[in-house]
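Colleague: Dropping a structure here in structure tokens format, bear with me for questions.
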Amino acid sequence: MNIKYNSPKKDVAKRAEEIYSRLLKRYPDPKPELDWKNAWELLVSTVLAAQCTDVRVNKVTPALFAKWPGPAELCKADVNDIEEVIRSTGLFRNKAKNLKAAATLLMEEFDGELPRTMKEMTTLPGVARKTANIVLSNAMDVHEGVAVDTHVKRLSFRMGFTVSTNPIVIEKDLMPLFKRENWGIANHLLVLFGRDICPARSPKCDICPLNDICPKNGIEKK
């Protein structure tokens, strides 16, 4: 699905540019906190990270990849065995089913290689736009959109980039605010900042480097 978007208001675009600049100074080398060596490992790790911490996923994936290094091996695995390895990541039955199905589809339709387009990537079971964006931008340098997770969703509203709670609409609002080649970086910056300074509860506005320009939408004023 190609996403079309409208041009943002000038004040929002200016604020986004300044926020991006300040966050990049704070996090000069932003990247996923998941451990991965190739596109397949990043896809698997991102799927496992749903409603689970990156720290927990990084503890699980070494054993997973040692046993089943790629889709060729995972597609032949018993789903019950996959479940046992990934159990601690939560939602393990659904994740195991989707990972095995994705591996099978990759072997049958894509010669075991991850596709390089959003349209094809999202045909894989368990892979929606967020996961596809993360894999495409980080592992393939292909930028088709901005990954919208819970941190990006929250901060996009607080910073006045969007008024929507729909991830697709939020992505449409974010894309024109940053250069296409920086869409992946923008996601990392917002995720890192969301964990560090601007969590869902008790955001640290008193020490926030964006305090002077952030509209703080949704935050109760003390």
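The values are calculated or read from the model by the stated rules, or taken from the named source; none is laboratory data. Worth saying up front: this structure is predicted, and the values here are computed from it rather than measured. Cβ atoms come from the backbone with ideal geometry, glycine included; neighbour counts cover every protein chain shown. Note: areas computed on protein heavy atoms with side chains; ligands, DNA, RNA excluded. Shrake-Rupley method; radii C 1.70, N 1.55, O 1.52, S 1.80 Å.
Colleague: Give the aspartates and glutamates reachable from Lys130 as a straight Cα distance under 17 Å; neighbours fewer than 8 places away on the same chain don't count.
Modeller: Glu33, Glu41, Asp54, Glu120, Asp141, Glu144, Asp149, Glu171, Asp173, Glu181
Colleague: Moving to a separate point now. Given R₀ = 35 Å, what would the calculated FRET efficiency be for Ile168 paired with Glu84, taking r from the Cβ atoms and rounding to 0.05?
Modeller: Working: r = 35 Å, r/R0 = 1.00.
Rounded to the nearest 0.05, the efficiency is 0.50.
Colleague: List the pairs from Lys67/Lys97; Lys31/Lys100; Lys10/Lys179; Lys31/Lys179; Lys100/Lys153 whose alpha-carbon separation is above 19 Å, in the order I gave them. Working shown, then result.
Modeller: Working: Lys67/Lys97 17 Å; Lys31/Lys100 27 Å; Lys10/Lys179 15 Å; Lys31/Lys179 17 Å; Lys100/Lys153 29 Å.
Long pairs (Cα-Cα over 19 Å): Lys31/Lys100; Lys100/Lys153.
Colleague: Return the sequence-ordered ³J(HN,Hα) values of the stretch 12-24 in whole Hz as given by the Karplus equation 6.51 cos²θ - 1.76 cosθ + 1.60 applied to θ = phi - 60°, using x for Gly and Pro.
Modeller: Calculated HN-Hα couplings, in order: 5, 5, 5, 5, 4, 4, 5, 5, 4, 4, 5, 5, 5 Hz.
Colleague: Tell me which aspartates and glutamates have Cα within less than 13 Å of Lys25's Cα, excluding those fewer than 8 residues away on the same chain?
Modeller: Glu17
Colleague: Now, a different point. On alpha carbon coordinates alone, what is the Rg over Rh value for the stretch 137-222, Rh being the Kirkwood radius? Provide the component values of the computation, followed by the final result.
Modeller: Details: Rg = 13.0 Å, Rh = 13.3 Å.
Computed over Cα atoms, the ratio is 0.97.
Colleague: Based only on Cα atoms, what mean projected area does the convex hull of the chain have, in nm²?
Modeller: Details: hull surface 48.8 nm².
Projected area, direction-averaged: 12.2 nm².
Colleague: To continue, here is another question. Take the alpha carbon atoms of the stretch 13-59, find their center, do the same for the stretch 115-134, and report the distance between the two centers in whole angstrom.
Modeller: Centre-to-centre (Cα) distance: 17 Å.
Colleague: Just the number please: accessible area per residue for the chain, 1.4 Å probe, all protein chains included, in Å².
Modeller: Values: 11970 Å² over 222 residues.
It amounts to 54 Å² per residue over the chain.
Colleague: Using the beta-carbon distance between Leu105 and Glu18 and R0 = 25 Å, what value does 1/(1 + (r/R0)^6) give for FRET efficiency, to the nearest 0.05? Don't skip to the answer; put the middle values down first.
Modeller: Numbers: r = 43 Å, r/R0 = 1.71.
Working from the Cβ atoms, E equals 0.05.
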